[in-house]
Each structure stands twice: as structure tokens, then as C-alpha cells.
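Notes follow the structure.
The values are calculated or read from the model by the stated rules, or taken from the named source; none is laboratory data. These numbers come from a predicted model, not from an experiment. So basically every Cβ, Gly included, is an ideal-geometry build from the backbone, and we count neighbours across all protein chains shown.
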Amino acid sequence: MSIKYAETEPRTGTTEKYVGQAIDRVDGPAKTTGEARYAAEYPYPGLAYAALVHATIPHGRITGIDTAEALAVRGVIDVLTHQNTRPMKPAPKVSFLDLSTLVAGTSVNYLATDEVLWNGQPVAVVVAETPETARYAASLVRPSYEELPAAVDLAAEQGNAVPQKGNLISEAEATKGDAPAALAAAPYKVDLTFTTPPHNHNAIEPHATTAVWDGDRLTVHEATQNITWTRKHLAQRFEVPERNVRVLSPYVGGGFGGKGSVWAGTLLAVLAARATGRPVRLALTREGVYHTVGGRTGSIQRVALGAGADGKLTAVLHTTVSRTGRSGGNGEPITAGTRHLYAAPNIHLRQSTVRLDLLANTFMRAPGESIGTFALESAVDELAWELGLDPVELRLLNEPDRDPVGGQRLAHRRLREAYALGAERFGWRERDPRAGAMRDGRWLVGMGVATAYHPSLRMPANVTIRLNADGTAVVRCGLQEMGMGTATVLGQMAADELGVPLASVRVEYGDSDLPVAPGAGGSTQTASAAAGVQDAAAKLKRTLLGLVRRSPGSPLRGRKPDEVEARDGGLYAGAAGQTYAEILAAAGRDHVEVESKAGMLGFMARTLRERRRWVRAATGAQFCEVRVDPDTMEVRVSRWLGVFDVGTVINARTAASQLRGGIVMGIGMALSEQTLIDHRNGRIMNASLAEYHVPVHADIPRIDVHCLNEPDSGMPLGLRGVGEVSITGAAAAVANAVRHATGKRVLDLPITLDKLL
Amino acid sequence: MRPFAYVKAADVDEAVRAATGPGVKFLGGGTNLVDLMREGIERPDTVVDVTGLPFDTIEELPSGGLRIGALVRNSALAADARVRTRYPMVSQALLSGASAQLRNMATVGGNLLQRTRCPYFYDHASACNKREPGAGCDALGGFNRSTAILGVSEHCIAAHPSDLCVALAALDAIVEVRGQDGTRRVPMADFHRLPGDTPDIETALAPGELVTAVELPPAPAAANSRYRKVRDRASYAFALVSVAAALEVRDGAITDVRLALGGVAPKPWRATEAERLLLGGPADEGAFRRAAEAELASATTRDGNAFKARLAVATITATLRELGGTAR
Amino acid sequence: MTEIRMKVNGSVESLDVEPWVSLLDALRERLGLTGPKKGCDQGACGACTVLADGVRINACLALAVQYDGREITTIEGVTHPLQEAFVRNDGLQCGYCTPGQLCSAIGMLAEYEAGMPSAVTGSHGLDDAEIRERMSGNLCRCGAYNGIVDAIKEVSG
Ligand SMILES: Cc1cc2nc3c(=O)[nH]c(=O)nc-3n(C[C@H](O)[C@H](O)[C@H](O)COP(=O)(O)OP(=O)(O)OC[C@H]3O[C@@H](n4cnc5c(N)ncnc54)[C@H](O)[C@@H]3O)c2cc1C
Ligand code: FES
């Protein structure tokens, strides 16, 4: 898929780089004219429409499915059930040798089993000539069940939780010193139990798949954050060679982790297309998204902190219980922030999970850290009240020099600077430290702070660069663009590396036929792509220097790569050089193409080695001001400032938008968002955007974000991912501001007014 | 959606005639009916579109009141200058509801007839006596934070969702209804019904009866009125509690007061007990609070919605306090 | 099937629809106009916002038959300075809510010009609070709200 660039000024000279500028997003015009097409918007001749039938029990067996009434509806092509459908291959077992095995959202082999593992599991698919017919007929399919006992209530089941296992990049526990004893002995302490509810991503685009078989070749237009693994997974499940599967996803209407795995809708669209011999589109209903795409786990978290009268922490305890599902899901790094944020001689961290008869949980923006920092940063704030210390000061007092648990060095940690700048810009000094003392008319005013923390990672990404004789370039990389600005920053980075105008670079992404890149997750895309682009550009330089070896007149002949600079549309050694067009013309080539390939194993080994020496993270200081109505206790966020250390900012505009977006979601998490799961039967009772309250325009004030913008020398181009850090700490900043305004500490999210009345 | 026949009524007689027999629904803006049909909760055989009928004007009544056609859009009613000066609470109630897009579509008639947002009513897999008489009520032991605390029965605790209707109840509006046998006028207080043991019967309308207009009687006190809505977001959410209040104070004594509540009852709840206590008494915070508490004394609360009683008292008190500032 | 005629983005379209087809599905599936988006199909997100005779509505809760004879504008038929302002102010990320935000903003500006009030209308003109309240029928999960408000202010001011 190619994209058009917004008008950008051509640039000359070496000093002006695109990286670091606030450049309009390149897909802006397509998205503001309606030209951008999403997964459910590809017309095909003979297209049929599928709709899902969802189980209405949490656990049990299907004893029969009456499809007669549905089949009798005019326009129904077929009703697929486990009784009449050729099964897919089961999902492969998870293996760290093939990371794509992680992409299965659940372990269920849909329509190949009579087992029901959660309330809402798809048990039949109706395929019809129109979407209306499919949906109506789906409501007429009548499954019957034999119900089995189900455990769906996290609070009731927490006693059955078992310690979570750590993995290569995230540990699940830590013990240093004797934290319980130190806590008992501490003169100042807090010991609090927090709960956070389940959340759903609620990307405005519901998941959708358009699946087209041509013999044993499969094309899938898919709303996904992970084209590469989706392709491999589909190839495995439908038993065709991977090269026969093409996953196209140039525009994705929001993901936030929800589109990072392969869920039922994708598989069933492909299955329905195979079963009916028709191209099939399956666009989930909003309720269908809740029933088939996992969400964020709820959690129960104990945070206990002990400190001396000087404010220095002596004990840090953080233990958590979250849940997975009978059909899959994973524990989250809920204590990750606690592991790295505060110096203390005694630390105890433990994460546990319990399996429930609910849909598998999945990643949602900053899985673990977002809810973990709510508990930790609320507790730190409460300790500041205990100590009578300013909460900013308390944090700075306990800022570590080395990693508190592992003792590694902290790579480029700038939290002190973030707090200093934030406090000044936000007017923190004007804060009256007493609770309930600040007013604006009748409104109670409160100010709160919290620390944001998200690890900085990257993954290998392959990139090809094709340089054409006219000096234009095509950069290909199988990344996904869900609005983060990926396409724009890829172009900026490539234009700089090649020394050509941005308008001369075309970027291709969102297509599984392109060079393999990581899925969009863990805030890794930009850093991964940066390394790939740098590698490919270096390779291109070497290739071109190879070409000029055969052109006697070239001033570049015999030059070594590090003597040569890519700029002004060519390669130059000092003032002497040639344009790309000249180099290619002299060599009689109409283009050259190079590919950077990053080996997975070597990459992993390097990453692990580095992790033993360094701890690296994007961090930030979140400042929030709330107003609380003293009669009704309605809370409104009135002001926000976030100061972030994310290394080099590639594009100030898109980065700020990412950071704001995380804060907006954090405000939702703080004040209104929760997925309501009925404890009697595991049914989601607010599976709609009218009842699951994501923030609306009126809930969101002006959000000031500021980036320190100092390169992290350990990362490609000095950058760290910006996608997730800003949701961390956000809910705590709100809770702390509410505490300041009202004197009330709310331990259970969301902070709805009933908890303050 | 279950297939149905669509009829666009050319005049009111045709509309009423087309609505004889079971399985007929009138269509206004469609913002509630279309949603419920898509969910399979409403399953009409025939839908009679009434938006072509000439009930889209707001007229002066000789009495000094206003007659609002049933097809006036919510946005138009909210913007009407007469409504804004004489009955500000009506305009405010409308503007606090739904979204601008929905208000541009929704009609006054449809707003009166919109159905509850109780999650168990919307969910087919749950038991709901309103959706399926005799099935039971899963809201009783389930998520009932949004449900009602006044006028409920053991068969149903669903709250009425309309904002407009709360203001209309406070103003003693009269609903003009047209049926086979001609026109009748139903006071707002009698228009919506409490659930009792038939929560599926929600209004006094007989099958096939069409709402043609709503009359607002003159109410000088309403010039000093206010609609206050408390909810989980700053906008675009249904009320947890809402208060429509009008207050007239002379020489320190309350000479007229209108008070109705939303979000707390299966129908727009006229707070007659509170009004009775307030009338003739002082316009001070203590009086406001005592009256509010008396009104809420009969509340039947559950775990999820117990806060509504406190919230209602606080909201009534605050709203009257604001109105009390403009003694006349 | 009922035959309806609508003027869509300036050209007259006649199509046969069953009465249960929504205006949104008629536009997206029958006329290939996929600019209006389906985010909830319940009137709860605003992504399907189109203009009917210049008035913003949610196409998902509108039956197509009810709009026989009407003039419909989708984002494909819009040429408005707001579009560039959205890009300049980064009033979008994934872009899925964007057509709805744009159509809604156009309708909103017309409503404001016509003197229609909002729940927060006071004496301060079309300020941030006014814009936010009037645009609250359009959810943006990416959280591009600040940019959207800025874009609208830039064009209206
Ligand atoms: C996401 C969302 C949020 C909302 N938020 C709010 C809110 O905060 N506050 C609020 O008050 N409302 C809210 N609403 C509800 C909205 O106000 C109603 O849907 C609307 O008022 C109904 O009017 P309508 O003309 O569209 O009715 P329709 O949907 O056309 O009809 C509704 C019912 O009324 C009947 N009917 C229509 N006209 C007549 C008539 N003239 N005579 C007899 N019967 C008739 C219909 O048969 C149907 O049963 C919300 C709706 C949505 C979708
Ligand atoms: S831009 Fe993604 S939902 Fe608004």
C-alpha cells in the first residue's frame, strides 16, 4: 500500500533534519477525506457477510444447535456450527522458539468443539447475502447447553491464585532484605489494598476481517496490530504455505493491544469463506468485540510502604492478584514499576494469577504498569500525607542511583529533571498542602502528581530501501499504523538517513508481503524501525560505494563508508560527491535495492546481555488538577501537565498526540471506565459504548505535554517508544488530586462519585 | 432486524388507522426504536413513520402556555426562545440529554416513549420482566447502580431514562393523545406507570394511540427554573440522578415550587412530598434538605444504588439553593 | 423493497432498500461510501455522523427509507477548511472517528451560527468548553480531543 505525503517543503543542506520536527502526519489527507479504507471496507464481487452467535453460559457443553429458523430466512447462505464444519487445525502450542505462537488470542478451536469456556464464546456463524440478514438470522440460532460450574469472580477466587512465572523480559517477583520485618518496624507506613476493574480497549473501529480464498491462496483485509504473526497463524490453522497468505492492514482504526492477537472473528471469517466458497466479511458488533476480544484483567493489589522520619523508604511491598482465562491469557507485569522506581533496602514483590471461566485476558495499553502504577503511586502519595511531606519531594528523596532490585545501572534516567520542570510549569508551589483547602468558587480544587514508567524495548525489524535513478526512494517495512504516526516517522527517519527530501520518500507498510517487522506492541515499533532504517541506509551506502568503484571519474571512488555522508540527494565526501541519480546513471542502473535483516537469535542474546547491565525505561512526571463538586462529588479534570523523558522525539506532533492519548485513556481509567462482569454468570453487562464510559470531549481539558528530548545513547537515534508511558501514573495522579481536594483516598477504580459521597 | 412493513403516514387519520391491530410501532426519530429493533427487543410487524405529520410546531396557547407538537425535534425545542425564557428547565433538560446528533433526530413523542436503559432489559441472555413478562428480574441481584429506588416493585427496578420528561413532570404538562376514538388529554403524572406486577406496561397509552402534542401550562415560577443532571461523564451519559426544579420566593417564603427527579424511579418522579413541605416555608438550605430527605424516605435501595438516595438529597438541595438566590 | 431517491454528495441516487436497512448501511454497503464509519451501530459513538440537509445526525439509527427525498452529505462530499486544520493540529490518530468528527464539526458550526444553545452556553462565545460540549457526541478513543478542539477553533475564529 502506498500513501501520499502531505505537502512538505523540500530541504537542502545537511543541518536541517526531518527527525525532531513537528511534521503533519502523512496519512492525514486520506483520513480526513474518507479515502482511507479500513478492513471492512473492501468490496468484492459475491461478497457474503458473516455474523456470530455467542454462548450465553460461562462454562459447559453445547448439547444441540437448532438452526432451522435461521436457515429459513431468505438470503441466508449457511449456518456453520461444530456439527457441520470442517475444523481448522488447533492453535499451535506456545513456544519461545516461534514467537508467532503467542498470537492466538485463545486456545479454543472454534466450531470444532462443543465445549464452552466463557460467556460470549462464538458457537455458530451465520453467512448471508446482506449484513442485516446475517445479524438477524444469528439471533434465531438456538443453541442448548449443559451447564458446568464456573468461577468468574476475581475477588472470590483470589485465594486460588498461584504465583506467576516470569519470562525473559519481565520478572514476576523479587525479594530483597526482609520487607515484612522492615515494614513492621517502620515509624511511618501505609498498607493499602487497591482494586482495579477489568477494562476493554474500545478502539472505535470494531474488529473486522474481509477474507478471500483463491484456491489455496488467502487474502485477508484485517484490523490487526500484527500482520506477520497473523499471517503465520492463519497459514498454520488453515494448512496452507505461509507465502500463500497475505494480510493487508494499511489502516487500523485503533488497537491499544486489542488487535495484537488473532481472535475468533478473524479465524471464523476465513473459515466461513472456505466453507461457503465466497469472499466473506465479518465485522464484529460492538457487543461482539466485548465477547470475543479479551480485555485488561482486573486486579487486587496490596502496596505497603515503610519509611523513616526522614522520608527514606525502608520497606516496599507490592503483591498482586490478577486473572487469566480458562482458554488463555497471561499474567501482567503489574509490579514492574515498583521494581524500578524507588530505592529501598527491603523489597518484596509478587504477582499471582488465578484462572477464571472468562474470556482470555490480553494486553491493553501498558499492560501491568498502567494498573500497577495506580496502586504504587497512590500509596506513595498516601505515605507523603502520613509523613507530612510534599509528594514531589518524597519521590525525589527516594530516587535511586541504581536499580533497586537488580542493581543494574539506570540508563539515562531523568525523573528529577522531569519533576523539576513539571513542578515549575504546573505551578506546584501554589498548591496549598492541606486537604480540601483550595477552592474555585464552590468547586473543591485538588492537585496530584504521580510517576510514569514504562520499559523501553525494541525488536528486530527488516527494512528494504529501493533507490530509484530519479533520486526517489521506496522504504518497505511490515509495520502497522494505527494512528501512532508510524508511517510518518518512518519517512522522516529514512529521508534523513538517505539525505533526500521527505517528498521523495515513499513508505510502504501494513502488508505481510513486506519485510518482516514486529507487531505494534510494547512501544517498540519506532525504535525497531529506526535501527532497521539505519542498517538499510548503511548497506545502501556500501552498495553505492561498490558501484562507483567501476566509474573512473567518480569523486567517491575508493572512499570508505565512514568518510562519506548522505545528504542533498547523494553521497558526499566533504564538498565532493555525486547525487544518487548520477551514481546510478554512471552504473547504468535504474535502481538499487538493499535489505537489512536482523537475526532474531543474535538480537535476543544481545538484548538479554544488555538487560543484565542496564535498566532502560521511558519515564515521566504527571501533574493533574481536579475540581470536585462539593454537593454531588462529581470529579472533573481541569488541568494536566505531563513531562516525559522519551529520549529523542522524532516527530513532536505525533509524539505529543500519543502521549495525550495515553493520558486521556488514563483519565478514563481513573474516573469512569470499567467492564461490568456479572458474578453470577460471567456475562459482560455493559458491552456497549453507551454504558462503558470512555472519556468524551467534555471530560478532557487541555493537556500540556512536554518532552525533555535528550537522546538516549543506548537506543537507535536516541529514541524510546512513546505509546504507553503516559497512561502509567495517570490514574494515580487523578486519585491523588482527588485525595487533595476531598481528603478521601479512593482505593478502588474507577473513582465514581458514589465512592466520594 | 426482524423484517417489517414500513408505512409512511400521510395524515394523522392514516397513522391511527394503520396502527390498529397488534405489532404496530410508530416511528419518530428512530433513535430508540431502531436500536431496540436491531437488538431484537422491539419486534414490530409494521412500522408507521409519523415524521411526515404536521405536528412539528410550537404554538402559544390562549392560557399563556405552549403547545408543542409531538414531532418537534429535541434540538428545536431546546432552542426555542419562548421555552428558554419561560421554561428554562425544559431546554436545559433536553440539552443535557444524549448528543447533538441524537437531539437533531429525536422527537418529543419518541422521547416520552423511550424505554429503559437497564442493562438486563437490553441483554437477551438475562431475565427481564419488562422484556419478557414472568421471566424474572436479574437486575435485583445484579448490577443495579443505574436502577431506580423510588416507586419500584419486586418485579422491576428499571429507571426511566428521559431527561425531558422530568421537566415535563415538574411542569404538570399534559400529553395530547389521538386514538381511534378521538383525542384525549393525559396529565403527565398519569402518562407513565409504575411497574407493579406488570412492568411491561409502561404508559397510559392504549395500543395504537399516537402522541400528537404536549402542552405546557403557564407557570410563572418556571422562569426561575433549572435542570441539574448528575452522571458518570461530563456529557453524553444518562442521569444517575437529575433534578428539575422551579422556585418562587416572596418575602422569604416559598410561594411556588416544582420539583421532579430523574434517574431514581421507573417514571419521571414528581417530588410531591418535598413540594408540600416546602410550600409556604422558608427558602433556606435546612428546609431544602429536610424536604429532600422526606421525599427520599420511602426509597428502596440495593447495594449498587443506595448512593442515589444521598445523591438525590444533595442534588435537590444544591439545585434549590441555586434557585433560591434569585428571590422574586 | 422500497425505492428511495436521495441526493448524496450532490448526485441523485436511487436505490432499492428493505425497510430495515439503515442509512449507514445503505451508504456504506450499497453506495460504497465508506467514509461514514460504523463504530457501535447504537448511536453511542458518533463515527457514523453525516449531514442530512445540512443537519448532523447519526446514520446508524436512521432507517434509509425515512430519508427518501433528502440530501445527504458524507465526508466524501465535504470540502472544508476543517479538513486541513485537522491535519495541521493533529486532530486525528487512527482516523476512524475522523469523518464523523468532521461532519459533526461542520454541523456544529452551523448550529452555533444559528444561535442554538448547548448545555454550557454562557456569554463567552465558542470557547473550548462550548466546543467540547457540542462535540461530545463524537468519541475519539485515540484521544485526539485537544487537536480537534484546536482545529475547530482555528477555523471558526
Ligand atoms: C447513545 C444514546 C444516549 C442517549 N442519552 C439520552 C439522555 O442522556 N437523556 C435522554 O433523555 N435521552 C437519551 N437518549 C434517548 C433519546 O432521547 C431517545 O432515543 C429519543 O428521545 C427518542 O425519540 P425518537 O423520536 O428518536 O423516538 P423513536 O425511537 O422513533 O421512538 C421511540 C418510541 O416512541 C414511540 N413513538 C415515537 N413517536 C411517537 C408518537 N408520536 N406517539 C406515540 N408513540 C411514539 C415509538 O413507537 C417507540 O416506541 C439517548 C439515546 C442514545 C441512543
Ligand atoms: S482518531 Fe482514532 S478514534 Fe479518533
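Here is how the numbers come out for the structure above:
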item	result
Only one of A:Ala598, A:Ala587, A:Ala605, A:Ala575 that is touching a residue at least 60 places away in the same chain (Cβ under 8 Å) and not polar (S, T, N, Q)	A:Ala598
Residue pairs meeting the criteria (Cβ under 7 Å; at least 6 apart or on separate chains; first outside the structural domain of B:Gly28 (by TED's automatic domain parsing) and farther than 29 Å from B:Arg17 by Cβ, in the range B:197-220; second polar (S, T, N, Q) and within 16 Å of ligand 1 (Cβ to nearest atom))	none
Index of the failed condition, B:Arg43 passing every other in (1) in contact with a helix residue (DSSP H, G or I) (Cβ under 6 Å, 6 or more places away or on another chain); (2) surrounded by fewer than 23 Cβ atoms within 10 Å (Cβ to Cβ)	(1)
Any hit, the range B:235-244, residues being more than 29 Å from C:Arg132 (Cβ to Cβ) and touching a residue at least 24 places away in the same chain (Cβ under 8 Å)	no
Yes/no for A:Pro58 being surrounded by 23 or more Cβ atoms within 10 Å (Cβ to Cβ) and more than 12 Å from chain C (Cβ to nearest Cβ)	yes
Evaluation of C:Ala129 against (1) more than 28 Å from C:Asn9 (Cα to Cα); (2) more than 12 Å from chain B (Cβ to nearest Cβ) (one fails), failing number	(2)
Condition met for C:Leu126 (part of a loop (DSSP other than H, G, I, E, B) and at negative phi)	yes
Residue list for the range C:142-151, filter: within 9 Å of ligand 2 (Cβ to nearest atom) and within 14 Å of chain B (Cβ to nearest Cβ)	C:Tyr145
Qualifying residue in the range C:1-8 (condition: at the interface with another protein chain (Cβ under 10 Å from one of its Cβ atoms), at pLDDT 95 or above and in contact with a helix residue (DSSP H, G or I) (Cβ under 9 Å, 6 or more places away or on another chain))	no
C:Val155 more than 14 Å from ligand 2 (Cβ to nearest atom) and outside any loop (DSSP other than H, G, I, E, B)	yes
Residue selected from the range C:63-114 under the condition touching an Asp or Glu at 6+ places or on another chain (Cβ under 8 Å) and assigned to a loop (DSSP other than H, G, I, E, B), by the criterion nearest to ligand 1 (Cβ to nearest atom)	C:Arg70
Odd one out for B:Gly208, checked against (1) under 22 Å from B:Val34 (Cα atoms); (2) under 20 Å from the mean Cα position of the chain (by Cα)	(2)
Those residues of the range A:638-661 which are of a type in the set (A, V, I, L, M, F, W, C) and away from chain C (no Cβ under 12 Å), in sequence order	A:Leu641, A:Val643, A:Phe644, A:Val646, A:Val649, A:Ile650
Test: residue in the range A:705-728 that is of a type in the set (A, V, I, L, M), under 24 Å from A:Gly294 (Cβ atoms), away from ligand 2 (no atom under 16 Å from the Cβ) and more than 9 Å from chain B (Cβ to nearest Cβ)	yes
Test result for C:Leu27, more than 16 Å from ligand 1 (Cβ to nearest atom), within 8 Å of chain A (Cβ to nearest Cβ) and not in a strand (DSSP E or B)	no
Helices (runs of 4 or more DSSP H) contained entirely in the range A:60-173, each with at least 1 residues that are of a type in the set (Lys, Arg)	A:131-138
Residue list for the range C:31-51, filter: over 13 Å from C:Thr74 (Cβ atoms), away from ligand 2 (no atom under 14 Å from the Cβ) and more than 7 Å from chain A (Cβ to nearest Cβ)	C:Gly43
Only listed residue being within 13 Å of ligand 2 (Cβ to nearest atom) and either surrounded by 22 or more Cβ atoms within 10 Å (Cβ to Cβ) or in the same structural domain as C:Gly10 (by TED's automatic domain parsing) (or both), chosen from C:Gly54, C:Gly100	C:Gly100
Pairs where the first residue, in the range B:163-189, is in a helix (DSSP H, G or I) and the second is of a type in the set (Phe, Trp, Tyr) and within 13 Å of ligand 1 (Cβ to nearest atom), C-beta under 9 Å, 6+ apart	B:Cys165/B:Phe191; B:Val166/B:Tyr227; B:Ala167/B:Tyr227; B:Leu168/B:Phe191; B:Ala169/B:Phe191; B:Ala170/B:Tyr227
Subset of the range A:39-52 (residues that are within 19 Å of A:Val252 (Cβ to Cβ), surrounded by 24 or more Cβ atoms within 10 Å (Cβ to Cβ) and within 9 Å of chain C (Cβ to nearest Cβ))	A:Ala40
Filtered residues of the range C:31-43 (kept if within 13 Å of ligand 1 (Cβ to nearest atom) and touching a residue at least 60 places away in the same chain (Cβ under 8 Å))	C:Gly39
Those residues of the range C:3-51 which are surrounded by fewer than 16 Cβ atoms within 10 Å (Cβ to Cβ) and among the polar types (S, T, N, Q), in sequence order	C:Ser11, C:Ser14
Any hit, the range C:74-96, residues being within 16 Å of ligand 2 (Cβ to nearest atom), of a type in the set (Val, Ile, Thr), within 14 Å of chain B (Cβ to nearest Cβ) and crowded, with 23+ Cβ neighbours inside 10 Å	no
Selection within the range C:67-104 - of a type in the set (Ser, Thr, Tyr) and free of Cβ contacts under 8 Å to residues at least 12 places away in the same chain	C:Thr79
Breaking point among (1) buried (at least 24 other Cβ atoms within 10 Å of the Cβ); (2) within 16 Å of ligand 1 (Cβ to nearest atom); (3) not in a helix (DSSP H, G or I), for B:Ile149	(2)
Which numbered condition A:Arg413 misses (of (1) more than 25 Å from the chain's Cα centre (by Cα); (2) under 27 Å from A:Leu183 (Cβ atoms); (3) in a loop (DSSP other than H, G, I, E, B))	(1)
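Each row is one residue, and each column tells you yes or no for (1) buried (at least 24 other Cβ atoms within 10 Å of the Cβ); (2) away from ligand 1 (no atom under 14 Å from the Cβ).
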residue: B:His160; (1), (2): yes, no
residue: B:Ala167; (1), (2): yes, no
residue: B:Gly179; (1), (2): no, no
residue: B:Gly182; (1), (2): no, yes
residue: B:Val186; (1), (2): no, no
residue: B:Ala204; (1), (2): no, no
residue: B:Glu209; (1), (2): no, no
residue: B:Ala213; (1), (2): yes, no
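Table: residues versus (1) assigned by TED's automatic domain parsing to the domain that holds A:Ala618; (2) surrounded by fewer than 19 Cβ atoms within 10 Å (Cβ to Cβ); (3) touching a Leu at 6+ places or on another chain (Cβ under 8 Å).
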{"residue": "A:Ile700", "(1), (2), (3)": "yes, no, no"}
{"residue": "A:Pro716", "(1), (2), (3)": "yes, no, no"}
{"residue": "A:Gly721", "(1), (2), (3)": "yes, no, yes"}
{"residue": "A:Val725", "(1), (2), (3)": "yes, no, yes"}
{"residue": "A:Val734", "(1), (2), (3)": "yes, no, yes"}
{"residue": "A:Leu749", "(1), (2), (3)": "yes, no, no"}
{"residue": "A:Lys755", "(1), (2), (3)": "yes, yes, no"}
